[in-house]
Structures are given as structure tokens and as C-alpha cells.
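Below is one structure, written out as C-alpha cells; the observations come after it.
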Amino acid sequence: MKNARVEVKNAPKAIVSKELFGSFVEHMGRCVYGGIYDPSDPAADSDGFRTDVLELAKEMGVSVVRYPGGNFVSGYNWEDGVGPKADRPKRLDLAWRSIESNQFGLNEFMSWIEKLGAEPIMAMNLGTRGVLEAAQLVEYVNTDHGTTLSELRKSHGVEEPHNVKYWCLGNEMDGPWQIGHKNASDYGKLAKETAKAVRLVDPEVTLVACGSSFEEMPTFGEWEQTVLQMCHDEVDLISLHAYYEKYGDDTLSFLASSARMDRFINRVVDIADQVSEEKRSDKKINLAFDEWNVWYQEKFEGVNNLEFRQAPRLIEDEYTVEDAVVVGSLLMTLLKNSNRVSMACQAQLVNIIGPIRTEPGVPAWRQTTFFPFALTSRVAGYEVLDISVQTETQDCKLFQNLPMVDIVVTRSPDAKSVVIFSLNRQLEFETDLTINFGDLATDMRIASSHILGGSDLAATNSKDKPENVRPGTLEKISFAGGQLRASLPPVSWSVIELAV
Ligand code: AHR
């Protein structure tokens, strides 16, 4: 048995924005076709949307959804996906060497997201297209001045502007794999000019510049600095992308993923603040972690090995309980940093490394990674409280001095609920956790607990066993004398709700 001790201060250190619980729908594999959209499926509604997927996405509490890519967007003409379906062209999607039927496009996405009750984050093609096309896209989507483009939208059956607020200025433009990849100064200049034009069309937009595709990119750091030096005054947010996976049987390094994510965030914040400082600007560039997840990239055969097909089965990773523990811990890192991370999207929503899985003709099911997202979005309070944590540390291959326990405490706006998120990175030992609430402790009681991990780390949910994994409850837990005591099983992620 190991020990960890936490002191909770009656001091909020961050307000959690609802956009932290975002997801991502890309025209890739079976995310759109066969995922959210499949007119031939018994679960489809009159628009062809799979209602079982919609219901699960609602249950997850998805607040914003990024669309239509991803790498896909860098070769995409949004015009191909609007207007009468029979007239829409079939194209090669070069990003994923697939065939795009364009039977689902911008306006279908807007109807789908309205049914979901979430907000869109639209990505623009800055790979093969530029300033004019981006401005025209915003004109079609957001305006009502009687111009040809706004009238075109109306002729497509959409009378009112969609009023999309969030826009990504391209996708992973630092990546040599990206169609239309650019160096930092070429991209920084394009982002600046696109932002200027788009804001002239609609001054209300929030704009995300592309940061690095992952922290280990050789250009990481220099990229953010150069891009922000060029477009600092024109953009609002800078993006981060990161996918984590387990290498071999190194569970501890895998459990260090959230610490690596934390370090990545802090490094980007430092660069953004340094650029603001250089510019003598009070503006704070916040972060959009608009692609994050566990993804076993080692298993992906690579784009060059794909044959051109419609909606092929790509990267449909089946997630274990251990993966769910890591996903839970990544959400904790996002919460912890929510003073600077104002938007985040788990990539992707369905089939493609998704928490939701589908097969034709059977009900959609929840992967293990569904649960930490759904639980966190449901219970995470409005503010993150300041805490101090005493725990032992260990070194592992991918991280030095890794704290063996990680904790995040949130409080609801009415202060009637306090929630504790815990990660136990110990591989073999339970951790006896003591949380001291000081002057916050008046009249608290345990309302609920949920746990993933501790045992059966390799268990999964599947088409045949969709209910195999469900979160359990913490067995050894008590509250007395202003202190919460809980025994955290090895390799586990848990949530404890206290009613005040
Ligand atoms: O989510 C899958 C892919 O990962 C996205 O298309 C791309 O942006 C990232 O590299």
C-alpha cells in the first residue's frame, strides 16, 4: 500500500469552458459514412443520421464538434458537398486515399449537430486553397446580405445563416504529410491574411491557428513562435494535437501520457506568452487541443498502402480498460489546464479511434474510452480548485519524476458539488488517498463514485459483448472529520462526487 495526501484550497485556479468536451468528425474511414450517417441502417432517421450514434454522443455530453478534417480538409472543396445530392461530384480524397461521394456535406453536418445540441468548429482548407476560398466559405455559412453566396445557401434550403463561431485556419500545416504543407513563415503569413479577410466577412468569429501536429515534431517550438509572431494579433487560439499509445508492455510510460500532455501544454503556453510579451500585447493566446486521444499508430498500415475505396475500415482501434484509464487521465490534464486550454476535441467520435463504434444493422456500442469522457463531461464542475499533492515519484522511459498519483478537484457553480478525479499510476499497489478539505469541508457527504481499472486491464467492449466493461464503484471510501479517504486500486482512474 502506498500513500498520497492532498490539501484542497478554497481557491479556484481555472474556470472550465464547456468547449473542453469537444469531439471530432472527419471524412475519414467510417466516421461519417457508416458512422454518423448511414441512410440504409435501421437506426437511421429521415435525414439518414444514425439515431443510436446521436443518442450516444448526447450521453457523452459532446459540446462542440470539429469538422470536416483533419488531413481530409487540406484537399477538400466545400462546394462539392452542398446543393442537390444527385449533382454532387464523386472525388478522390487524397489524404486517406479514399473515394468521397459527397453525399454528406456542410449543411448535413449543421443539421446533424443541431440534433446533437452541440456547436460546430469548422476547419478551412489552407492546404490547396487560400484566402479567397476561406472568405467565401464564411460568406456562404454565416452571412445574409443577399449576395450570390448567401442566396446559394438559401437555394440549398438553409434560410438562416449558420452563424458558426469557431474556425480552424487549416489543419496540421507543419506536417510534411499534409497536402499543401508549408513552412512556418509561409503558413503564418497565410493564417494572418486569411484571418483578416474572414473577420471582414464576420467579425464575430473565433480563429484557431495551426500549432504543431505533435510535440516530437522537429519544428515544434520554432513553429509556434514563428506562426504567432506573424498572426498573433489576428488569431485567438493556437492548436495542439497529440495521440498517445502503449509501446510494448510499458504501462508506466503509457500512464505518463497525461504528464507528457501537461508538459506539452505548458511549453506552448510559454511560447505564446513570450510572443505576446515581445509584442508588448496584453492579449493572451489560449490553446485549442483540437485533436487528442489514444491511437495505436503503430498498427496503421499507412496511407500509401491503401486502395481507393469508399468509407474503408481505417484505424478502428478496439480500446481496453487500460486505454480508458489513460483517456480519463488526459481529460484530467485538460481540466487542470483549463485556464489556458479553452477548447479540446477528442479525435474522433465514431469508428475512427472513436469512443463509439458501429456495424451495419446492430445498435452502436460504447468503447471503454466512452466512459471517462461521459463521466467527466457530466460531473466536472465549473471551477478547478487549487490543490497541493504529496505523492511518490518514479522515473520511466518516457518521463522523469513521474508523480504516481494525479488529482484534480472541481466545484460546481452553486458550490453544492465537489468532484475529485484521481489517477493511480502504481502498477502493483493500491494507494491510500487522503484529501483534506480544510474550511470547505462543512457538511460534505459522498454522493457517488466511479472507477475504471484496477483489474481486467485488457478487457474491451465489442459488437458481441457491448456491455462487457462498465465503470464500477470504489469499494474502500469514507468521509469523516473533513477528510476523504479512498483506496485507489493500481492502474485506475476514478471519480468521486461529494455533495455539499
Ligand atoms: O484523426 C486522424 C488524423 O490525425 C487527422 O486527420 C489528422 O489531423 C491527424 O494527424
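Residue by residue, what Karplus-based ³J(HN,Hα) values in Hz, rounded to whole numbers, does region 308-313 have, using 6.51, -1.76 and 1.60 with θ = phi - 60° and x for Gly and Pro?
These are the phi-based 3J(HN,Hα) values: 5, 9, 8, 6, x, 7 Hz.
For the chain, what is the accessible area per residue in Å² when the probe is 1.4 Å? Intermediate results must be reported in sequence, preceding the final value.
On the way: 19050 Å² over 500 residues.
Per-residue accessible area for the chain comes out at 38 Å².
May I ask for the net charge around Lys2, where only other residues with Cβ less than 9 Å from the Cβ of Lys2 are counted and Lys, Arg are +1 while Asp, Glu are -1? Write out the running numbers ahead of the final one.
Values: positive: none; negative: Glu392, Glu430, Asp432.
Surrounding charge for Lys2 is -3.
Run the simple label-point estimate for Asp432 and Glu475 please: 7 Å along Cα→C-beta, distance reported in nm.
1.7 nm
Grab region 105-198 and count how many Lys pairs have their alpha-carbon atoms under 18 Å apart, sequence gap of 8 or more, or different chains. Walk me through the numbers before you get to the answer.
On the way: Lys115/Lys165; Lys165/Lys192; Lys165/Lys196; Lys182/Lys192.
Counting lysine pairs in region 105-198 gives 4.
Ordered by residue, what ³J(HN,Hα) values in Hz, to whole numbers, does region 22-39 give under the Karplus form 6.51 cos²θ - 1.76 cosθ + 1.60, where θ = phi - 60° and Gly and Pro are x?
x, 10, 8, 10, 10, 6, 7, x, 10, 6, 7, 7, x, x, 7, 10, 6, x
Give me the net charge of Ser111's neighbourhood, meaning all other residues with Cβ under 11 Å from the Cβ of Ser111; Lys, Arg count +1, Asp, Glu -1. Mind dumping the intermediate values first?
On the way: positive: Lys115; negative: Asp45, Asp47, Glu108, Glu114.
Residues close to Ser111 contribute a combined charge of -3.
Just to confirm the filter: which trypsin sites (Lys or Arg not before Pro) across region 412-500 are DSSP coil and have at most 13 other Cβ within 10 angstrom of their Cβ?
Working: sites: Lys416, Arg425, Arg445, Lys463, Lys476, Arg485; in loops: Lys416, Arg425, Lys463, Lys476.
Those that pass, being in a loop and sparsely packed, are Lys416, Lys463, Lys476.
What is the local net charge at Lys182, summed over the other residues whose Cβ is closer than 10 Å to its Cβ (Lys, Arg +1; Asp, Glu -1)?
So the surrounding residues net to -1.
Does region 107-254 come out rounded, prolate or oblate, given a ≥ b ≥ c as the square roots of the eigenvalues of its C-alpha gyration tensor, rounded meaning a/c under 1.5 and, failing that, prolate meaning a/b above b/c?
oblate
Sketch the reach of a paramagnetic label on Val303 as a point 7 Å from Cα along Cα-to-Cβ, and name the residues of region 207-225 whose backbone nitrogen lies under 13 Å away.
Taking a point 7 Å out along Cα→Cβ of Val303, no residue of region 207-225 has its backbone N under 13 Å.
In nm, to one decimal, how far is the modelled label at Gln225 from the one at Asp464, with both set 7 Å along Cα→Cβ?
5.5 nm
How would you classify region 251-314 from its alpha-carbon gyration tensor, with a ≥ b ≥ c the square roots of the eigenvalues: rounded for a/c under 1.5, else prolate if a/b is greater than b/c, otherwise oblate? Display every interim value, and only then the final one.
Details: a/c = 3.90, a/b = 1.88, b/c = 2.08.
Note, shape of region 251-314 comes out oblate.
Which helices of the chain meet both criteria: a Cα extent of 18 Å or more along the helical axis and a mean Kyte-Doolittle score no lower than -0.5, with helices taken as whole DSSP H segments? Before the final figure, lay out the partial values.
Working: long enough: 184-201 (25 Å, -0.18); 257-278 (32 Å, -0.48); 321-336 (22 Å, 1.43).
Helices meeting the criterion: 184-201, 257-278, 321-336.
Within the accessible area of the chain, what % is carbon and sulfur when the probe is 1.4 Å and the other protein chains stay in place? All intermediate terms of the calculation are to be shown ahead of the outcome.
Details: 9040 of 19050 Å².
Solvent-exposed carbon and sulfur of the chain make up 47 percent of the total.
The values are calculated or read from the model by the stated rules, or taken from the named source; none is laboratory data. Bear in mind that the values here come from a model prediction, so they are computed numbers and not experimental data. For neighbour counting, all protein chains shown are included, and Cβ atoms are generated from backbone atoms with ideal geometry for every residue, glycine included. These area figures cover heavy atoms from the full protein model, side chains too; ligands, DNA and RNA do not enter into them. Shrake-Rupley method; radii C 1.70, N 1.55, O 1.52, S 1.80 Å.
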